[in-house]
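Remarks on the structure that follows.
Read-outs throughout are calculated quantities, based only on the coordinates presented, and are distinct from any laboratory measurement. Predicted, not measured: the structure shown is a model, and the values here were computed from it. Here the Cβ positions follow ideal geometry from the backbone for every residue, glycine too, while neighbour counts run over all protein chains shown.
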Amino acid sequence: MIIAQSQFVKSVDFAFFFIIAVSVFFLVLITGLMIFFVIKYNRKRNPHAKNIHGNTGLEILWTVVPTILVLFMFYFGWTGYKEMSSIPEDSMTVNVTAQMWKFSFKYDNGKTSDTLFVPVNKPVKVNLSSLDVNHAFYIPAFRLKKDVIPGRQNTAWFTATEISSHPIFCAEYCGLNHSYMYTEVVVLSESDFNVWVNRGVPNIINAVDKK
C-alpha cells in the first residue's frame, strides 16, 4: 500500500488510475470487437456485401457513455485543481528561488538553506521565482508540480503528512546541467523543525532517520 505523503496523493492517484482504467477498458473492448468482426465478416464467409442500416440506440449509447466518462474525468481534475489552488490562510511561507542549477529556500525569519525543511502536518506555501530561465518545482512524492517563470511569481502549497524525506526535481529543461538540479524536502516533527529554523542545530536531518 502506498503511504500518502501529502494531502494531494489520494485525489491525484485516483484521477490517474480512473483515466488509465477507462482507457484500458476501451482499448480491450474496441480491439476485441475489431478482431471479432474481422473474423466473423471476412470475405470468405460473406462474399457479397450487404447494406447495413444505422442503429439509433447504439449511436446514442456510444455518444452518451463517453460523454459521461469525460465529464467524470473533468470533475476529478477540477476538484483536484481547486484543492491545489486553495491555499490555507495559516500556511507557513517559504520563498523558493530557482536558478541554473539549484533551488534555494528562505524562511520568514530570514534563514536560508539549499534543502527544504518543513514541519509535519503543517500547510506550507511556497512562493516560486526564477533568476534566469524557466524551471519547474516538482516533488513527485507529494504529487506537486509548478512552473517557475522569470519575471513572475507562482505559488503552490502542500501539507506533508509523514516524517520523511523526498527528492525535489526541476521538471523543465533549463540548460546543460538540468539533470543536476536536485535537492530534497525533509519533513520534521514540529519540535525538530522549530529547533532547526530558530537555532540551526547541526545534523538535524538525522532526526528523519530516527523516526
Working carefully through the options 38, 65, find the one that is within 30 Å of residue 15 (Cα to Cα) and either hydrophobic (A, V, I, L, M, F, W, C) or part of a helix (DSSP H, G or I) (or both). 65
Scanning segment 165-182 for residues that are within 16 Å of residue 113 (Cβ to Cβ) and either of a type in the set (Gly, Ala, Ser) or touching a Leu at 6+ places or on another chain (Cβ under 7 Å) (or both), the one surrounded by the fewest Cβ atoms within 10 Å (Cβ to Cβ) turns out to be 165
Residue 120 fails exactly one of the following numbered conditions: (1) of a type in the set (A, V, I, L, M); (2) under 17 Å from residue 5 (Cβ atoms); (3) within 18 Å of the chain's Cα centre (by Cα). What is the number of that condition? (3)
